[in-house]
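What follows is one structure encoded as structure tokens, with my remarks underneath.
The values are calculated or read from the model by the stated rules, or taken from the named source; none is laboratory data. Everything numeric here is computed off the predicted structure, so don't read it as measured data. With ideal geometry, Cβ positions are generated from the backbone for all residues, glycine too; neighbour counts draw on all protein chains shown.
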Amino acid sequence: MAWNIGANDVANAMGTSVGSGALTLKKAVIIAAVLEFSGAFLVGSHVTKTVRKGIVNPEIFQNNHLIFVYGMLAALLAAAVWLQLASYNGWPVSTTHSIVGAILGFGTVVGGFQAIYWGKVASIVASWVVSPLFSGTISFLIFSILRHKIIYAPDPVRAAKKATPILVFCVFFILTLVLVFKGLKNLHLDLSFQQALICASITGIITALLSKILVQAVKSENEQNRKTESLHPQIDVSLKKALKQLAKIQNVASGNVKNEVSRLYDDVTRLSNSLNENKSYSEDSVEHKTVEKIFIYLQILSACFVAFAHGANDVANAIGPLSAVINVLNTGTVAMKSVVPIWILALGGLGIVIGLATWGWRVIETVGKRITELTPTRGFAAEFGAATTIVIASRLGLPISTTHTLVGAVLGVGLARGMGALNLRVVRDIIVSWIVTVPAGAILAMIFFFILKGIFH
């Protein structure tokens, strides 16, 4: 299970960085391995709930603790097998939903439908819509602002220099909150929301001041060295829209109106062709490449924060059921909570690292390259949008999936450039895999439960 968490879920942190070229796959694997293991081992939960996510009534296991052991082992096997299939095909699915579906399956077999807290299940299903919609909207807005305020600016490097300290403050403010709410909650620091805000604000101010000093070292290309005029990309888009509208008018107009529109259509066509022959788009200019270099560092920083928080938080999906089983076998009773031994934390962290190093590239490729084409600015917008969503949802108590959140953020960035920027076939496959995850985990858990019970009971 931990192997598959590494193979599938770590793409949430590193997928956009690899896809945008901010990090090579090798560097991403090394950075993620260190941070994921550190998060899992150093601040992973030392106490876990017996039945994760509170979807099954634990009282149904009180009279027969061995049934609970078979069920938990079946859940681990079921979730791991489904994740194995998803990882092989490069589908980014939720590891949390996989284990939830598996526990739901064996819980139904043991206690019947009445033993399931269906309200909790409904809230988890709701996250399929809430997570990507929320993060997609935020990332769409972030990238749209970056595009119009920096990328399309007359002097993109100067605009980026002015905006960088503000962006750095926002990044470290949000990511510090992510770490407090998602990554460090297992340390029971008991920070109030106000204390977390103060801590995040101080971190943001210090890093913003440092970035202001560092960014001044970035040299902007001298205006005199430009060989071709940089064309605002929106001009080309608007001209194409104008041609489409003029063509529609041509089809319905007659007489002098049609003649005038035809002449206008020819003039706009010549202008468009002329600009396309001589233009130098912002994306190809030296200034734009300089701007992208600035965003590479911001994107790598955000990826590191998310990797650490993920290792600390989601390792429980693998080690929670295992520690619960060991606790039951040691005590002979099913307790509401169980202590997680250090060696299990290390095992979970190691499993994540091995999964990332072996099959992690499959899902990283889907998230980073197959949904839409990413650059450091687009990757940053997606990563930052996902992190912002995690903070807001954690604070509001909304059920979200980190995987769904990140994929939704990438979709939002792609949509900011138009529907044509998305690979709709890949998007369809991902959505289908999300829908199938819970029932697939449940059905597999039922099968494994009966097999284990038949062998050992």
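Meeting the requirement of 3 or more residues that are at pLDDT 90 or above and under 20 Å from the mean Cα position of the chain (by Cα), the helices (runs of 4 or more DSSP H) wholly within segment 1-115 are 2-8, 11-20, 25-43, 65-88.
Residue pairs whose Cβ atoms lie under 9 Å apart, sitting 6 or more positions apart in sequence or on different chains, and linking a residue in segment 287-301 that is without any contact (Cβ under 8 Å) to a residue 40 or more places away in the chain to a partner that is of a type in the set (Gly, Ala, Ser), are Tyr297/Ala22; Tyr297/Ser211. Considering (1) modelled with pLDDT under 90; (2) touching a Phe, Trp or Tyr at 6+ places or on another chain (Cβ under 9 Å), the lone condition that Ala200 does not fulfil carries the number (1).
Here's the yes/no breakdown for (1) surrounded by 20 or more Cβ atoms within 10 Å (Cβ to Cβ); (2) small (Gly, Ala, Ser):
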position: Asp9; (1), (2): yes, no
position: Ala13; (1), (2): yes, yes
position: Gly21; (1), (2): no, yes
position: Thr24; (1), (2): no, no
position: Glu36; (1), (2): yes, no
position: Leu42; (1), (2): no, no
position: Val56; (1), (2): yes, no
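Of everything listed in (1) surrounded by fewer than 19 Cβ atoms within 10 Å (Cβ to Cβ); (2) out of contact with any Leu (no Cβ under 9 Å at 6 or more places or on another chain), the single unmet condition for His65 is (2). Quick one: in segment 241-257, which of the residues that are among the aliphatic types (A, V, I, L, M) and farther than 14 Å from Asp267 by Cα is surrounded by the fewest Cβ atoms within 10 Å (Cβ to Cβ)? Ranking the qualifying residues of segment 241-257, first place goes to Val252. Contact map, segment 334-357: first residue assigned by TED's automatic domain parsing to the domain that holds Ala28, second residue of a type outside the set (D, E, K, R) and part of a strand (DSSP E or B), Cβ cut-off under 9 Å, separation 6 or more or different chains; pairs are Lys337/Val47; Lys337/Thr48; Ser338/Val47; Ser338/Thr48; Val339/Val47; Val339/Thr48; Val340/Val47; Val340/Thr48.
Among the residues that make up segment 179-193, is at least one of them under 17 Å from Phe308 (Cα atoms) and either touching a Cys at 6+ places or on another chain (Cβ under 9 Å) or at pLDDT 80 or above (or both)? The answer is yes; a qualifying residue exists.
When each of Ser127, Ser139, Ser123, Ser144 is tested for being in the same structural domain as Pro58 (by TED's automatic domain parsing), in contact with a helix residue (DSSP H, G or I) (Cβ under 6 Å, 6 or more places away or on another chain) and of a type in the set (Ser, Thr, Tyr), the lone residue that passes is Ser139.
This table checks each residue for (1) within 25 Å of Ile174 (Cα to Cα); (2) small (Gly, Ala, Ser); (3) in contact with a strand residue (DSSP E or B) (Cβ under 9 Å, 6 or more places away or on another chain); (4) assigned by TED's automatic domain parsing to the domain that holds Val10.
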position	(1), (2), (3), (4)
Ile371	no, no, no, yes
Gly379	yes, yes, no, yes
Gly408	yes, yes, no, yes
Asn423	no, no, no, yes
Gly441	no, yes, no, yes
Leu444	no, no, no, yes
Phe449	no, no, no, yes
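Scanning segment 157-175 for residues that are closer than 15 Å to Ser394 by Cβ and touching a residue at least 40 places away in the same chain (Cβ under 8 Å) yields Ile174, Leu175. When segment 214-271 is limited to residues that are in a loop (DSSP other than H, G, I, E, B) and β-branched (Val, Ile, Thr), the one that is modelled with the highest pLDDT turns out to be Val218. Taking segment 76-112 as the range and being surrounded by fewer than 24 Cβ atoms within 10 Å (Cβ to Cβ) and among the polar types (S, T, N, Q) as the test, the residues that pass are Gln84, Asn89, Thr108.
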